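Before any comments, here is the structure.
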Amino acid sequence: DEERGILLASYWRAGLVNKGIGQEVIDKLAAKLTAKADGQDYIYRAKAGVVFDDEWKKMEGLDVEANDAWKAGVDVAQMAMTTEYGVPGAQVVETAHPYEAKGHQWRKEVTVPGASSLVVHWSKQCCTYDSSTSVGIYAGGMRRDAAGPGARVEVIACCSQKVWGTLVEKAKDGAWKVLLDRKKPPPAGITPEEWPKVGEEVKARFQDGSYYKATIAEIHKDGPSKTYIVRWYDDDTRDREKKLEDFRPLDFDLESQRDVEDIYIYRQAAPKDRSIDCFAYCKEDVKRVTVKYVKQEGPSYDEQGFSAKLGDELLSFKLDRTHPLAPIMVEKLASVGGPAQGAGVKEGWYLDMVKTFSGPSREQLASILEGIGGTKFTSPPQGNKVLEAAMSNLDEFLVRLNQKVRALDAATLFFMNGPAQSPAVLMPEVRVAYNANVKLSSDIQVLDKHSDGKKAIVKTLAENGPAKAAGVRLGWAIDWQTTLQLNSEVEPKLPSEEEFLAAPQALLERSGINLAFKSLQPTKMKLFAFCGAASSSWRSIEILGDYCEFEFQSDGDGASYPDQRWGFWALVSAKPPPDEEAEKKRAKLADPFTVEVEKKTGTLLGIGVRHGMQELMIASFGAGLLEDWNKEHPDGAQIKVNTRILEVNGEKEDAATMEASLAEFKPLTIVMQNPEGPACNQGHILVTNPRPYNRCDVCGTSSTQYRCPSGCDYDMCE
């Protein structure tokens, strides 16, 4: 029975309380499953033929599965144990022991709040039957639960066009309030009167909403406004008449910005004053419904026999141009429900204009909108043309909607609970605005240059600061080009990218600026893989950040060998803060040190060397005078492979001369230095770059933690 599961009664009870289970149910179950051991009450998942899962099913009114209820108690027990052993907040991830002998797969996400890095430790019993059953550990990717104000998102509107924006709030109802990007002004120093001129090449918006290369052929003035005639690069004769807002500089890149004005119908709907903010409330549970009104006889109280109208339920619509992706909303519904409310429509829902104008009632609606803004529709009407006419004349459309569409006795309309066809898509970017009285150093303690030398990355981050609240995590980089754009008017000016990378830490003394971050690992990646029975394969690992995901998959082999499919048990905890004394000692071990030995005839140093630029490097290390020196100086720096030889008997900066001196039989005074971290066989410092399928070049173990950034194809496990 113990193998089926056993918990301290106090942990089991606390878990059920956490699941909202009443005391009466808990007491009934405890009476059947409790047994004493060592003076304490324990709950057995199976006891003398009585099984928890079976008894759970007999209880009425429970909306929690038996397995989830039992797991709640296990979670309480694990929390108590991890706290007792000094790793509060740690989590246990495990398979059944043994795991089932059938093909199956599962994933589990683990988050340890507040952790800068995670450490995963394994039970010594971990094993799988063969390599076809394995554990993979993933990290990275964009996490919705970690995103907050400042996170950059992409909103996919109902016409499938994409607009970028910045998350400003997560509402209580689950909606994401997104501040949409609006059109940038012309290039700095260029006024609308000066740009563009006749003969200049630009990118102009075509009727399909895309931008194409064109030349300004003519400019016609009509009072304060101007009309431009363009000549398309491919000599297309369509859609040549343009306004200033249809142009972008020739170096404009739609992949670097997607604002409201880049999409014609939304540009028409948004406020003309671009200082007015535009928003989109993006729901996590997107709902889109079809509402069909069918002509029917009027209600019994209608003495004149008028039939029911759409307006009997849809009392009024309203227009809000600050929501350009879906500017028409249901303002008020009748207290007595109808087809719309029956389909789930509520006040505040949006009219899905894209589907409505391309749906079954498009001809009916087109006849109502005929002439709006001087528009005449073809027969049959094209849905996109009707939509464009409505979006270009929203005030008049609202009048006709409230007066004429509501007066219809039959029509099909489409509604949605948000302006987007799917939840907002997280982009691998964050923008954080820092107040004038707040230094960046209060939020970001350490910025360091990336191993490629081309960007600066976040090394330490305040737990409750705005960057982490927005979704930034350790290892994210500063997007310097975007940062410069966001602070173009800030004084004093920010340094150039070259100056910034030369001293990234200096930026942290600034305040009152906007900082752009980008994730270097925007997609979830498999970092490690473990399988088999060798204990050396199940080594402890470190993962940057506070999140990882376990994946277990098995082909089901090994049915006759339960001991060989024990599975795994892993403890995931926050990496403890660094020991300052140990760090100082480690740093001291990387300082140059002096070795004095007397090389006599018949003795060997016990090393092989290779040449560097102005030094020698130990390539092999074995028995000899230097190994004896290590034994005599156990507390100091140790000589090993990759130790650099800087000087021999006063000779330095000449590798050949130093090597010749080492070959002589005489007293030797050698100045050496160890690398600051793990290094490859060429002496390059390795960087963290997990490779789940690479083998360690030192011990041959699969799944490595470090890799040479200089192209040596050298990996190391730890």
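The values are calculated or read from the model by the stated rules, or taken from the named source; none is laboratory data. Every value quoted in this text rests on a predicted model; they were computed, and no experiment measured them. Here the Cβ is made from the backbone with ideal geometry for all residues, glycine too, and neighbour counts use every protein chain on show. Side chains included, ligands, DNA and RNA excluded: accessible areas come from the protein's heavy atoms. Shrake-Rupley method; radii C 1.70, N 1.55, O 1.52, S 1.80 Å.
Trp538 satisfies every condition listed in (1) closer than 30 Å to Trp569 by Cα; (2) surrounded by fewer than 18 Cβ atoms within 10 Å (Cβ to Cβ); (3) touching a Phe, Trp or Tyr at 6+ places or on another chain (Cβ under 8 Å) except (2).
Take the conditions (1) at pLDDT below 90; (2) at positive phi; Val687 misses just one of them, which is (2).
For region 264-291, residues that are within 21 Å of Ala424 (Cβ to Cβ), open to solvent by 30 Å² or more (accessible area, probe 1.4 Å) and of a type in the set (Lys, Arg) total 3.
Please indicate, with yes or no, whether at least one residue in region 627-637 is under 45 Å from the mean Cα position of the chain (by Cα), crowded, with 18+ Cβ neighbours inside 10 Å and either in a loop (DSSP other than H, G, I, E, B) or modelled with pLDDT under 90 (or both).
From region 627-637, those under 45 Å from the mean Cα position of the chain (by Cα) are 635-637; that's our starting set.
Okay, now just the ones that are also crowded, with 18+ Cβ neighbours inside 10 Å, so 637.
This time we only want the ones that are either in a loop (DSSP other than H, G, I, E, B) or modelled with pLDDT under 90 (or both), so: 637.
Yes: one or more hits.
I need the full set of residues from region 357-410 which are among the hydroxyl-bearing types (Ser, Thr, Tyr) and in a helix (DSSP H, G or I), in order please.
Applying the first criterion (among the hydroxyl-bearing types (Ser, Thr, Tyr)) to region 357-410 yields 358, 361, 367, 375, 378-379, 392.
Answer for region 357-410, where residues must be among the hydroxyl-bearing types (Ser, Thr, Tyr) and in a helix (DSSP H, G or I): Ser367, Ser392.
The residue pairs whose first member lies in region 559-571 and is of a type in the set (Asp, Glu), whose second member is assigned to a strand (DSSP E or B), and whose beta carbons are closer than 9 Å, counting only pairs six or more residues apart or on different chains, are Asp563/Cys127.
Of all the criteria given as (1) open to solvent by less than 50 Å² (accessible area, probe 1.4 Å); (2) assigned to a loop (DSSP other than H, G, I, E, B); (3) in contact with a Lys or Arg (Cβ under 8 Å, 6 or more places away or on another chain), the one not satisfied by Cys712 is (3).
The single condition from (1) touching a Leu at 6+ places or on another chain (Cβ under 8 Å); (2) more than 30 Å from Val119 (Cα to Cα); (3) surrounded by 14 or more Cβ atoms within 10 Å (Cβ to Cβ) that Gln40 fails is (3). Within region 638-655, restricting attention to residues that are outside any strand (DSSP E or B) and in contact with a Pro (Cβ under 9 Å, 6 or more places away or on another chain), the residue that is surrounded by the fewest Cβ atoms within 10 Å (Cβ to Cβ) is Asn649.
Which one of these is crowded, with 17+ Cβ neighbours inside 10 Å and touching a helix residue (DSSP H, G or I) at 6+ places or on another chain (Cβ under 6 Å): Trp70, Trp56? Give the derivation first.
On the way: Trp70 fails: touching a helix residue (DSSP H, G or I) at 6+ places or on another chain (Cβ under 6 Å).
None of the others qualify; the one that does is Trp56.
Filter region 656-682 for residues that are modelled with pLDDT under 90 and open to solvent by less than 20 Å² (accessible area, probe 1.4 Å); which is farthest from Gly711 (Cα to Cα)? Looking at residues that are modelled with pLDDT under 90 and open to solvent by less than 20 Å² (accessible area, probe 1.4 Å), I get Asn674. All conditions but one from (1) loosely packed, with under 14 Cβ neighbours inside 10 Å; (2) not in a loop (DSSP other than H, G, I, E, B) apply to Leu315; the one that does not is (1). Please work out which residue is farthest from Asp273 (Cα to Cα), limiting yourself to region 326-352 and to residues that are of a type in the set (A, V, I, L, M), open to solvent by 10 Å² or more (accessible area, probe 1.4 Å) and part of a loop (DSSP other than H, G, I, E, B). Selected residue: Val336. Among the conditions (1) under 26 Å from Ser537 (Cα atoms); (2) open to solvent by 40 Å² or more (accessible area, probe 1.4 Å); (3) assigned to a strand (DSSP E or B), the only one that Thr704 does not satisfy is (2).
Within the set Ala619, Ala559, Ala570, the sole residue that is under 30 Å from Gln105 (Cα atoms), of a type in the set (Gly, Ala, Ser), outside any loop (DSSP other than H, G, I, E, B) and under 48 Å from the mean Cα position of the chain (by Cα) turns out to be Ala570. Here Gly418 clears all of (1) assigned to a loop (DSSP other than H, G, I, E, B); (2) surrounded by fewer than 20 Cβ atoms within 10 Å (Cβ to Cβ); (3) out of contact with any Gly (no Cβ under 8 Å at 6 or more places or on another chain); (4) not acidic (Asp, Glu) except the condition numbered (2).
Scan region 431-440 for residues that are open to solvent by 40 Å² or more (accessible area, probe 1.4 Å) and assigned to a strand (DSSP E or B) and jot them down.
Listed by number, the residues that qualify are Arg431, Ala433, Lys439.
None of Ala14, Ala31 is more than 23 Å from Thr95 (Cβ to Cβ), out of contact with any strand residue (DSSP E or B) (no Cβ under 9 Å at 6 or more places or on another chain) and open to solvent by 40 Å² or more (accessible area, probe 1.4 Å) except Ala31. Taking the residues in region 100-127 that are in contact with a Gly (Cβ under 6 Å, 6 or more places away or on another chain) and open to solvent by less than 70 Å² (accessible area, probe 1.4 Å) as candidates, determine which candidate is modelled with the lowest pLDDT. The qualifying residue modelled with the lowest pLDDT is Val112. Give region 41-67 a look and list any residue that's of a type in the set (Asp, Glu) and modelled with pLDDT of 90 or more, or say none. Matches in region 41-67: Asp41, Asp53, Asp54, Glu55, Glu65. You will find that of Thr356, Thr378, the residue that is open to solvent by less than 40 Å² (accessible area, probe 1.4 Å) and modelled with pLDDT under 95 is Thr356 and no other.
In this structure, Asp443 qualifies as open to solvent by less than 30 Å² (accessible area, probe 1.4 Å), under 26 Å from Thr688 (Cα atoms) and in contact (Cβ under 8 Å) with a residue 12 or more places away in the chain.
Of all helices (runs of 4 or more DSSP H) completely enclosed by region 462-504, which ones contain at least 1 residues that are surrounded by 17 or more Cβ atoms within 10 Å (Cβ to Cβ) and in contact with a Cys (Cβ under 9 Å, 6 or more places away or on another chain)? If you could, list the steps in order and put the result at the bottom.
Working: elements: 466-470, 480-486, 497-502.
Once the helices (runs of 4 or more DSSP H) in region 462-504 are filtered for at least 1 residues that are surrounded by 17 or more Cβ atoms within 10 Å (Cβ to Cβ) and in contact with a Cys (Cβ under 9 Å, 6 or more places away or on another chain), nothing remains.
Of the candidates Glu261, Glu241, the single residue that is open to solvent by 40 Å² or more (accessible area, probe 1.4 Å) and out of contact with any Gly (no Cβ under 6 Å at 6 or more places or on another chain) is Glu241.
Which one is nearest to Ala420 (Cα to Cα) among residues in region 157-185 that are buried (at least 16 other Cβ atoms within 10 Å of the Cβ) and at pLDDT below 80?
Residues of region 157-185 that are buried (at least 16 other Cβ atoms within 10 Å of the Cβ), as a first pass: 157-159, 161, 163-167, 170, 175-182.
Checking the rest, the ones that are also at pLDDT below 80 come to 158-159.
Values: Cys158: 6, Cys159: 9 Å.
The residue in question is Cys158.
Examine region 504-514 for a residue that is under 30 Å from Ile137 (Cα atoms) and either of a type in the set (A, V, I, L, M, F, W, C) or out of contact with any strand residue (DSSP E or B) (no Cβ under 9 Å at 6 or more places or on another chain) (or both), and state whether such a residue exists. First the steps, then the outcome.
In the first step, residues of region 504-514 are kept if they are under 30 Å from Ile137 (Cα atoms); the result is none.
Scanning region 504-514 turns up no residue that is under 30 Å from Ile137 (Cα atoms) and either of a type in the set (A, V, I, L, M, F, W, C) or out of contact with any strand residue (DSSP E or B) (no Cβ under 9 Å at 6 or more places or on another chain) (or both).
Which ones in region 421-430 are under 30 Å from Ile328 (Cα atoms) and in a strand (DSSP E or B)? Let's see the steps before the verdict.
Quick first cut of region 421-430, residues under 30 Å from Ile328 (Cα atoms) only: 421-427.
Those that are under 30 Å from Ile328 (Cα atoms) and in a strand (DSSP E or B): Val425, Leu426, Met427.
For Gly86, the conditions (1) assigned to a loop (DSSP other than H, G, I, E, B); (2) surrounded by 14 or more Cβ atoms within 10 Å (Cβ to Cβ) all hold with the exception of (2).
Go through the residues of region 448-455 one by one and say whether even a single one is outside any loop (DSSP other than H, G, I, E, B), touching a strand residue (DSSP E or B) at 6+ places or on another chain (Cβ under 8 Å) and open to solvent by less than 20 Å² (accessible area, probe 1.4 Å). No, the conditions are met nowhere in region 448-455.
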